[in-house]
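Colleague: Supplied in structure tokens, the structure appears directly below.
Values quoted throughout were computed directly from the atomic coordinates according to the rules given, and no laboratory measurement underlies them. None of the values given here were measured: they were computed from a predicted structure. As a convention, Cβ positions derive from the backbone with ideal geometry for all residues, glycine included, and neighbour counts pool all protein chains shown.
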Amino acid sequence: MKIKKEASFYRQLEDGWVQCDLCPHACRIPAGTKGKCGIRKNEEGRLFSLNYGKITAYCIDPIEKKPLYHFYPGSRIFSIGSTGCNFTCQFCQNWHIAQEDPEGIYTTAENIINIAQNEKNNIGIAFTYNEPTIWFEFVREVAKKVKPVGLKSVLVTNGFISEASLEALLPYADAMNIDLKSFDENFYRQICGGQRSPVLQTIRKAQAACHIEITFLLVNGFNDSREEVEEMAKWISEISPDIPLHLSRYYPAYQMDQEPTPIDRMLEAKEAAKGHLRYVYMGNMPPGADKNTYCPQCSETIVNREKKVTVENLVNNRCRRCGEEIAIIL
């Protein structure tokens with residue numbers, strides 16, 4: 001049954017308008033209409049979440065699929081998604097739930113937690129597939145209630161969230177994969193319908209509060225230059241060179257029909273990023289691409305992902321060969 005839930009982080013304005021402060025769009029919404037995300041609606045001067053408890057996708061996924069390579073490698077996580085997004089990325093791979101409003105089922109936080117507890121070898125709940133920020137009320141309730149039962153909460157997010165909303169969520173987040181769309185403000189505005197600076201702020205704040213990894217989708221001809229990748233990697237390294245970076249290969253999707261990003265450009269980007277960061281991976285690559293984690297000091301294999309994910313040559317989070325500390329949570 002659909003649940004009517006008053007939204008968090010909004011204020012009432014004159015003439016029945018409201019301002020949503022959940023994300024940096026700060027939408028000013030007249031009565032009877034929705035914000036940019038399509039999920040928060042002004043009903044007679046009160047703002048309501050339209051996707052509270054709504055599930056459109058769920059699966060038990062490998063943690064590596066989020067992608068998280070340094071957070072309980074080889075484990076599984078109950079992954080759920082809803083509908084809507086506060087970005088309008090032209091290359092969206094999940095546009096059918098992020099940019100449209102498909103049918104779904106409505107459930108409770110208790111039911112989600114019960115499923116997660118009963119799944120074998122499951123470490124927790126991941127909020128993914130669409131943007132969890134605009135699912136805020138349900139995500140926070142589930143994450144808050146799941147912590148006492150010993151399960152983890154993971155967010156796969158674009159990082160476009162207001163500072164106050166983020167601070168209300170971070171105490172219950174164990175890990176985040178933050179999707180850094182580009183290091184160019186114009187790309188954010190023209191291709192994604194967002195802004196870069198709030199995402200960078202989210203990365204800084206989240207890194208101080210929980211485990212984070214960053215995904216960067218290289219879109220052929222748009223954000224795949226060596227210079228941009230190097231600038232981004234250098235910026236990340238100033239926060240911590242131990243933050244894992246996932247360089248993901250673009251394929252045509254939604255409104256964008258560019259050719260897939262060339263393999264040699266992916267390899268060049270990885271080389272550029274590794275000049276600043278200790279752990280750099282490539283995703284959406286052909287079978288056989290290297291996904292292993294190596295010691296950044298001596299290149300010993302630490303996590304082997306060629307077939308079954310196995311942790312090797314690690315003793316007390318240090319490389320067995322050279323003693324280098326490895327930034328990984330087991």
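Colleague: Any residue at all in region 43-55 that's within 21 Å of the chain's Cα centre (by Cα), among the hydrophobic types (A, V, I, L, M, F, W, C) and either within 25 Å of H246 (Cβ to Cβ) or surrounded by fewer than 16 Cβ atoms within 10 Å (Cβ to Cβ) (or both)?
Modeller: No: region 43-55 contains no residue that is within 21 Å of the chain's Cα centre (by Cα), among the hydrophobic types (A, V, I, L, M, F, W, C) and either within 25 Å of H246 (Cβ to Cβ) or surrounded by fewer than 16 Cβ atoms within 10 Å (Cβ to Cβ) (or both).
Colleague: What residue, of T83, T88, is farther than 22 Å from V219 by Cβ and over 13 Å from the mean Cα position of the chain (by Cα)? It would help to see each step written out before you state the result.
Modeller: Details: T88 fails: farther than 22 Å from V219 by Cβ.
Within the list T83, T88, the selection yields T83.
Colleague: Separate question: With region 1-109 as the region, which strands (runs of 3 or more DSSP E) entirely inside it contain at least 1 residues that are under 28 Å from G124 (Cβ atoms)?
Modeller: Passing ranges, in order: 40-43, 46-49, 57-62, 76-81.
Colleague: Same structure again: Do you know which of the residues in region 56-114 that are under 22 Å from F160 (Cα atoms) and of a type in the set (D, E) is surrounded by the fewest Cβ atoms within 10 Å (Cβ to Cβ)?
Modeller: Taking the candidates together, the pick is E100.
Colleague: Yes or no: region 278-298 includes at least one residue that is over 19 Å from the mean Cα position of the chain (by Cα), loosely packed, with under 14 Cβ neighbours inside 10 Å, among the hydroxyl-bearing types (S, T, Y) and farther than 16 Å from D184 by Cβ.
Modeller: No; the residues of region 278-298 include none that is over 19 Å from the mean Cα position of the chain (by Cα), loosely packed, with under 14 Cβ neighbours inside 10 Å, among the hydroxyl-bearing types (S, T, Y) and farther than 16 Å from D184 by Cβ.
Colleague: Pick from region 108-119 the residues that are in contact with a Lys or Arg (Cβ under 8 Å, 6 or more places away or on another chain) and not hydrophobic (A, V, I, L, M, F, W, C): which of them is nearest to K4 (Cα to Cα)?
Modeller: E110
Colleague: I'd like to check something: does region 253-262 contain any residue that is closer than 17 Å to L68 by Cα and in contact (Cβ under 8 Å) with a residue 40 or more places away in the chain?
Modeller: So far as region 253-262 goes, no, none of its residues is closer than 17 Å to L68 by Cα and in contact (Cβ under 8 Å) with a residue 40 or more places away in the chain.
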